[in-house]
Each structure stands twice: as structure tokens, then as C-alpha cells.
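Heads up: the structure comes next, in C-alpha cells.
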Amino acid sequence: MSALLKPFTWFYHAFGLVSIQDTGRNAYLIILARACRMFAYGTNSLILALFFAELQFSDYRIGLFMTLTLLGDVFLSLGLTLIADRYGRRKILFGGSFLMVLSGATFAVFENFWILLFAAVVGVVSATGGDFGPFRAIEESILSQLTTPRTRSDVLAWYVTTSTVGSAIGSEASGRIIHALQSIDGWRLVDAYHALFWIYTAMGVVNALLVLLLTDACEMQASDKEYAQVAQDERESIELEDHHESSTTQRPNGIALGPPKTSRMQRMWTRFSSQLAKISPPTRAVMYKLWALLAVDSIADGMVPYSLTNYYMNKMFHPSKSTLGDVTAAAYFLGAISSVFAGPLAHRIGLINTMVFTHIPSSAAVLVFGLPNNFIVVAILLMIRAGLNNMDQAPRSAFIAAVVKPEERTAVMGITNLLRTFAAMAGPSLTGVLAGNNKFWVAFFAAGAFRLAYDVGLYVLFINVQLYKHEGGMGADASISPIERRRSVEEEDMVELHRLSTPDSSASEATVQDQDIDKH
């Protein structure tokens, strides 16, 4: 029996499933919630642009819709992630689930461009197939808090892997469902698209139910709150008091009034600035460089999201919806399989190396995606792109968690997702203009060039950044694998244990020191 179980035991430990078990029930719930959410996003990524085309919206309007939807995601993410630690992470996740339900129901009923745009801007709709909105930053912050440096990359890798599986199943199911519904008498293609949005709505309900099962351990710990709010020195305390006094006014009779009323935009910017100010200067020095690179990568992702990629393949080669769903699902499944190896690979070669060397082939596939005139070749390039595209996500989240303080993670990850979404906004509109002028291929070429620039910059700037120094770590280089760092720590612990176990070791050392002093 042990011989039969040995391969499963090896896989359980080698690929990090044991890390999820060590983290506990909350990790299972968060991973499952994102998988269900990405199932819904997977249905969107296949049909959203096709749905608008069926409603006779122009390519320019399709691109504009996605740009404005991403703009709505920017403000939604900014508003919700910056207050998550104060008002409760679970409450914000539940509120996001409600917005997801509201948007899905609107798309399932209406066909007016402006009503759909309003629902997408104020609600949660994945215009590009990616996980934009308030969920990801908060969930990654929770998982980073629940895990240790040893288990974090494994847990985040499975967080990405299961989400990719969800996207794959969603794309496959949507293609099959559309094909089946079209065969029913009286069902138009647009009616089949509406039906899929009811599935999106149902996944929002499931996401909300899973959030309700999370425990208090997901909230920001009291020690971190106190650390984040206590002034670090006397000068900072004086500055805080001065700021408080300057924010109030007094009447002639001495009655103090509150701060003057400001617009919602000003309050949001003030909150963003205050959250950014809470991030320590060393962390900001690292994150400014990373944010600049991620902006370049996000511009590329915004230009050729999977929804527009499917639209391009449908427009150029006119495959059946079931075939298009099969190709997209296969690409997502390859991405899920490769994501399983992200954790072990990061342990072996380091976080930065994993991010760079797995992302470069994906970027090259995007660069040449618009050149072939054969559907099979294009499908292979899509599989290369999607198959390797997600391997940098878990190491990137683990890298951010490794270089920032625990009390800074939610703000940093929220700002990271905010800036990525903001940078991606211009992409769909630009691609819509190019598509309208029969130059769709230019968008893929430019996106691939931007992605390659991101890969090179990431390696040059961050290969030697120290990790885990805020978690009692060793301040090791990013290029050194966690296995080597852990082995070094174990050796140091053994030496220390041997020294302490030696009888009267401290006394003998003190005696030798006293003898040396007497000699001098």
C-alpha cells in the first residue's frame, strides 16, 4: 500500500499541496472562491466582444467599452482596497460579490450600450478576462498574512492554478452551451449570450457564500494595525498633531468645527495619498520601479486581452463558437498545468528567474500572433502565450509580499492592481481603432514588444533585491533559491543548538575572555 501511495505523497509535498493544508481552511475557501469567479470570467472572455458585435456595436465602441470598464475598475479597486483593512476585508469581498451579481443580471436582461456600460463601470465585469476589481489584492494580502515565507509561493501558485482551471472550464462550457442553445428553435445567438450572463450572476452568489465562511483570521491583525498607526518618532507625532489641528477650524466663540467639506474625488485622492504615505520609504523605493515595469506589461495586456484575442480569431478565421471555445479552453488548461510548476520552480531557481524566463516565450508568442494567416498556427501561438503567461503571477505576488512589511501588503497590492488596471485602460481603445482600420496585427506586435521590455527590465532591476528581511529572514538575494536559504538557516540553527547544548559553554567562553584580558 505504501508503494502505491508513494507517488501521490511525493506530488503532495513536491508541488506544494501540503502548504495549503498547513495554511488551513481559509486558504481553501479563498482559492475555491477565485476559481468560481474565474469560471465566470472565462465565459466572459469568450463572448463579451462577440456579444457586442452581435448587437451591431462598432469596433471602436467595443474598445471604448473595455477602456471605460477598466476605468471603473480603477476607482472601484481604489475605493474598496484602501478601506479593506479598516472596515473589514470580508465585508469588502462580500460587497464586491454583490456588485458582481448586479452586473451579471444587468447583462442578462438589457441590450442598450449605455445601460451595459453603466453596469460594467459601477459593478464588477471582467472586460478582458483578467481578475480586475477589488478581489485579488485583498485575497493575496490575506493569503500572504496566513502563510509563511516557506509556504507562500506554493499557496499563491495554487491560487493562480485553480483560477486558470476555472477560466478554462468557463471558456469550454460557454462554447458548448452556445452551440447547444443555438440548436433550440426560437433561440437567437444573442439569447444564448444572455443565458451565459445568468451563469455569471450565479457565480457571484457562490462567491458571496464562500466569503461568509471565512474566519476572523483573514482580517488584519491587531498588532499590525497598532504598528501601522503608531508614530515612529516624536517629530512624526508632532506632524500628525499639526495636521489634525490644521484640518479643523474654529468659530469666534471657540467651538471647533470639522474639516471643510471636499468632493468625493478629493476624499478618494486624500485616502490614496494617506495610504501611500503609510508605505515606508525603502518599500516605496522598490515598488516605484516595479510599478513602472508592471505598467508597461499592463499596457500590453490591455491591448490584446483574451476577449479581443478571441474576437480577432473569430473575425479573421470564422471558426464555430464551440471550436473557439475548445481552443481557448485548451490554452487555459495548459496555463493551469504550467502554473502547478511555478511554486517548485521558484524554490529551485528563485522568484525573479521564474518570473522572467517563463514570461519571455509567452511575450514572443504575442509579438508574432497577428502575422500568420492559418488558424492552426494562430491557435498554437495562443496556447504558447496562455500556457506560460500565468507562471509569473504567483512568484510576483510572493515577491511583493517578500519585500514589503506585513502591515503594508494590502495597500501595496491594492495600489499595484490599481496601477495595472489604470495602465491597461488605454489598450482596448487603441486596439479598437487599429481593428477598425484593418491593422489588428499591429496591436499584437506592439504588445509583444512591451512585454519583452518588461521581462528584461525586471531581470536587470530586481535580480539582487533582498527578500524576507521584514519576516525575520536572511535578507537573501532574489537569485538564491528558497531551498538554499532554508538550508543555510537550518545549518545556522544546528550550530547554535550544538553551542548551547555544550556544558558550560557560555561559562568557558567567559573564562577564556577573562584570561585574555588578564594577559593584556
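The values are calculated or read from the model by the stated rules, or taken from the named source; none is laboratory data. Not measured: the values here are computed from a predicted model. Ideal geometry is used to build each Cβ from the backbone, glycine not excepted, and the neighbour counts take in all protein chains shown.
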Open item on the list: Quick check on my filter: what residues within the range 344-354 are surrounded by 24 or more Cβ atoms within 10 Å (Cβ to Cβ) and either more than 17 Å from P149 (Cβ to Cβ) or touching a Phe, Trp or Tyr at 6+ places or on another chain (Cβ under 7 Å) (or both)?
Closed with: L351, I352
Open item on the list: Whether any residue in the range 99-109 is over 24 Å from S163 (Cα atoms), in contact with a His (Cβ under 9 Å, 6 or more places away or on another chain) and either at pLDDT 85 or above or not in a helix (DSSP H, G or I) (or both) is what I want to check.
Closed with: yes
Open item on the list: Looking at G72, G16 in this structure, which one is on the phi > 0 side of the Ramachandran plot and small (G, A, S)?
Closed with: G16
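One line per residue, one yes/no per condition, for (1) among the small types (G, A, S); (2) surrounded by 24 or more Cβ atoms within 10 Å (Cβ to Cβ); (3) touching a His at 6+ places or on another chain (Cβ under 7 Å); (4) under 30 Å from E219 (Cα atoms):
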| residue | (1), (2), (3), (4) |
| --- | --- |
| T147 | no, no, no, yes |
| R152 | no, yes, no, yes |
| S167 | yes, yes, no, yes |
| S171 | yes, yes, no, no |
| H179 | no, no, no, no |
Open item on the list: Being closer than 30 Å to L381 by Cβ, among the small types (G, A, S), modelled with pLDDT of 85 or more and more than 23 Å from the chain's Cα centre (by Cα): is that true of A449 here?
Closed with: no
- [ ] Say whether the condition of being at pLDDT 90 or above, under 30 Å from K439 (Cβ atoms) and out of contact with any Gly (no Cβ under 8 Å at 6 or more places or on another chain) is met by at least one residue in the range 325-346.
- [x] yes
- [ ] Identify, from the list T410, T416, the residue that is touching a Phe, Trp or Tyr at 6+ places or on another chain (Cβ under 7 Å), of a type in the set (S, T, N, Q), in contact (Cβ under 8 Å) with a residue 60 or more places away in the chain and assigned to a helix (DSSP H, G or I).
- [x] T416
TODO: Please enumerate the residues belonging to the range 181-196 that are part of a helix (DSSP H, G or I) and surrounded by fewer than 23 Cβ atoms within 10 Å (Cβ to Cβ).
DONE: L181, Q182, L189, V190, D191, A192, H194, A195
- [ ] Among the residues of the range 19-58, write down those that are without any contact (Cβ under 8 Å) to a residue 12 or more places away in the chain and of a type outside the set (S, T, N, Q).
- [x] Y28
Task: Contacts under 6 angstrom Cβ, first residue in the range 433-456 being free of Cβ contacts under 8 Å to residues at least 24 places away in the same chain, partner in a helix (DSSP H, G or I), 6 or more apart - done: L434/F440; L434/V442; L434/A443
TODO: Assess whether L212 counts as being more than 20 Å from the chain's Cα centre (by Cα) and under 30 Å from P406 (Cα atoms).
DONE: yes
- [ ] Being surrounded by fewer than 17 Cβ atoms within 10 Å (Cβ to Cβ) and assigned to a helix (DSSP H, G or I) is the filter here, so list the residues in the range 297-321 that pass it.
- [x] K315, M316, F317
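Yes/no per residue for (1) surrounded by 21 or more Cβ atoms within 10 Å (Cβ to Cβ); (2) more than 26 Å from A173 (Cβ to Cβ):
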position: S2; (1), (2): no, yes
position: H13; (1), (2): no, yes
position: G16; (1), (2): yes, yes
position: L32; (1), (2): no, no
TODO: Name every residue in the range 52-73 that is assigned to a helix (DSSP H, G or I), of a type in the set (F, W, Y) and surrounded by fewer than 24 Cβ atoms within 10 Å (Cβ to Cβ), in order of residue number.
DONE: F52, Y60
Task: Members of the range 280-310 found to be at pLDDT below 85 and of a type in the set (V, I, T), listed by number - done: T283
- [ ] Answer with yes or no whether V155 is in a helix (DSSP H, G or I) and under 26 Å from E408 (Cβ atoms).
- [x] yes
- [ ] Name the residue, out of P361, P428, that is within 21 Å of the chain's Cα centre (by Cα), without any contact (Cβ under 8 Å) to a residue 60 or more places away in the chain and either surrounded by fewer than 24 Cβ atoms within 10 Å (Cβ to Cβ) or in a helix (DSSP H, G or I) (or both).
- [x] P361
TODO: Determine if the range 124-136 includes at least one residue that is among the charged types (D, E, K, R), touching a helix residue (DSSP H, G or I) at 6+ places or on another chain (Cβ under 9 Å) and surrounded by fewer than 24 Cβ atoms within 10 Å (Cβ to Cβ).
DONE: yes
Task: Qualifying residues in the range 121-152 (those that are hydrophobic (A, V, I, L, M, F, W, C), in a helix (DSSP H, G or I) and within 22 Å of T69 (Cα to Cα)) - the one modelled with the lowest pLDDT - done: A137
